[in-house]
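Heads up: the structure comes next, in structure tokens.
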Amino acid sequence: MLSKSQKGIVYKHTGSHYLVKDEASGHLLPCTVSGKLRLHDSQTTNPIAAGDRVQFEPTANAGVIKEIYARKNYIIRRSSNLSKQAHIIAANVDKAFLIITIEFPRVSLEFVDRFLVTCEAYAIPASIVVNKIDGYTDGMRQRLARIEAVYAGAGYAVLPVSAKTGAGVGRLADETHGALCLFAGQSGVGKSSLINAIDPSLRLRTGPISDYHRKGMHTTTFYEIFDTASGGHIIDSPGIKGFGLIDVEKAELCHFFPELFRHAAHCKFNMCTHTHEPGCAVKAAVANGQIAPERYTSYLKMRDDDGGKYR
Ligand SMILES: Nc1nc2c(ncn2[C@@H]2O[C@H](COP(=O)(O)OP(=O)(O)OP(=O)(O)O)[C@@H](O)[C@H]2O)c(=O)[nH]1
Ligand SMILES: [Mg+2]
Ligand SMILES: [Zn+2]
């Protein structure tokens with residue numbers, strides 16, 4: 001029997017095999033990678049990621065990936081503090097959603113900004129989803145309001161939701177319609193719970209928050225795409241502690257803070273780093289309230305960083 005090459009999308013990489021969705025039949029097929037496939041990209045630990053478009057040859061009950069098509073984009077993070085290698089989180093992503101909670105676990109704005117800079121660097125539109133609003137105290141609501149103000153000012157949508165009550169979930173489902181969407185964030189913020197809220201038939205495993213640390217327990221262990229009943233394609237992902245920035249030079253960091261970059265055009269010096277220079281339009285905008293001090297602080301911290309620090 002002649003085998004014929006088919007096109008598909010990688011839905012999951014488990015370490016031992018890839019699960020590929022056959023474009024023609026819509027079926028998921030376990031695949032291995034052809035030994036002949038040259039993987040040039042030795043800088044990454046996983047040359048094929050969820051979202052990759054591939055050509056594969058089906059055999060009796062598995063398949064062999066023969067080719068990876070060029071990516072529209074990918075999102076990548078450093079594997080660990082010391083590692084030179086990086087890990088591709090996902091490829092061909094249309095939208096990224098950073099899921100956060102005000103508490104349990106507590107959000108750090110520097111973490112949010114690192115994620116947003118990464119998305120800007122890879123030209124992936126990003127939004128912030130604030131989950132678990134069902135249990136917020138007045139103090140937590142105040143912090144939510146501040147986060148909404150800071151990120152609206154930077155040009156990012158902030159969507160408060162509750163996977164538990166369903167508040168805001170309809171709007172989130174609409175946002176994911178017809179697009180490949182990455183749900184990322186710390187362990188325990190409710191990424192899997194939100195996908196379940198969007199489509200209860202998916203029944204993804206969720207896990208409790210530890211009583212002591214008030215952090216998640218790393219329930220989800222693989223990146224995996226789920227097709228939802230409302231027509232979205234959502235990548236559930238393992239909780240991340242932080243982002244080591246890759247592919248971002250110190251001098252261009254400012255390009256990935258959109259509101260800083262807008263003001264930077266008016267700085268007195270061309271090579272202004274927006275740290276100490278006279279006539280800096282960015283510092284002036286921070287002083288007069290046009291740029292949120294939280295965002296400027298993140299910019300300074302990330303500049304000071306060695307560029308590859310894993311948080
Ligand atoms: N009160 C409340 N609890 C929620 C909500 N969403 C999720 N949770 C709880 O938060 C805990 C963590 O939820 P998960 O969906 O497993 O979190 P995750 O982000 O997928 O975590 P990892 O897979 O470990 O990265 C579970 O106990 C959920 O029931 C919500 O909207 N409100
Ligand atoms: Mg999960
Ligand atoms: Zn400046």
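The values are calculated or read from the model by the stated rules, or taken from the named source; none is laboratory data. The structure displayed is predicted, hence computed values, not measured ones. Ideal geometry is used to build each Cβ from the backbone, glycine not excepted, and the neighbour counts take in all protein chains shown. With ligands, DNA and RNA removed, areas are computed over all heavy atoms of the protein, side chains included. Shrake-Rupley method; radii C 1.70, N 1.55, O 1.52, S 1.80 Å.
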**Item:** Point-to-point label distance, Arg303-Glu67, nm (Cα→Cβ direction, 7 Å offset)
**Value:** 4.7
**Request:** Quantify, in whole percent, the carbon and sulfur part of the accessible surface of the chain (1.4 Å probe; protein heavy atoms only).
**Result:** 53
**Request:** For the chain, give the magnitude of the charge dipole about the Cα centre (Cβ charges: +1 Lys/Arg, -1 Asp/Glu; no others), in debye to the nearest 20.
**Result:** 400
**1.4 Å probe accessible area per residue over the stretch 6-68, in Å²** = 54
**Message:** Under the rule a/c < 1.5 gives rounded, and otherwise a/b versus b/c splits prolate from oblate, where does the stretch 250-304 land using the Cα gyration tensor?
**Reply:** rounded
**Item:** Residues of type aspartates and glutamates that Lys12 reaches as a straight line, Cα spacing below 14 Å, ignoring anything fewer than 8 places off in the same chain
**Value:** Asp22, Asp52, Glu224, Asp227, Asp236
**Charge tally in the Cβ shell below 15 Å around Ala123, where Lys, Arg are +1 and Asp, Glu are -1, Ala123 excluded** = -1
**Request:** Compute the separation of the alpha-carbon centres of the stretch 196-239 and the stretch 249-311 and state it in Å as a whole number.
**Result:** 35
**Request:** Output the peptides 24-33, 91-100 sorted from most to least packed, where packing is the average of other Cβ atoms within 10 Å over each peptide's residues.
**Result:** 91-100, 24-33
**Message:** I'd like the isolated cysteines in the chain, meaning no second cysteine's beta-carbon lies under 4.7 angstrom from theirs.
**Reply:** Cys31, Cys119, Cys181, Cys254, Cys280
**Asked** Looking at this model, which pairs from Lys72/Lys164; Lys21/Lys191; Lys4/Lys72 are more than 32 angstrom apart at the alpha-carbon?
**Response** Lys72/Lys164
**Request:** Sequence neighbours fewer than 8 away in the same chain don't count; with that in mind, list the aspartates and glutamates whose C-alpha is under 18 Å from Lys301.
**Result:** Glu110, Asp113, Glu120, Asp247, Glu249, Glu252, Glu259, Glu277
**Prompt:** Sequence-distant or interchain residues sharing an amide H contact under 5 Å with Ile235, placed H: which?
**Reply:** Cys181, Leu182, Phe183, Phe226
**Complete:** Note, the stretch 151-168: 3J(HN,Hα) by Karplus (6.51, -1.76, 1.60, θ = phi - 60°), whole Hz, Gly/Pro = x, goes 7, 4, x, 8, x, 10, 6, 10, 10, x, 9, 9, 5, 6, 9, x, 4, x
**Complete:** Heavy-atom accessible area per residue of the stretch 191-311, all protein chains kept, 1.4 Å probe, expressed in Å², is 54
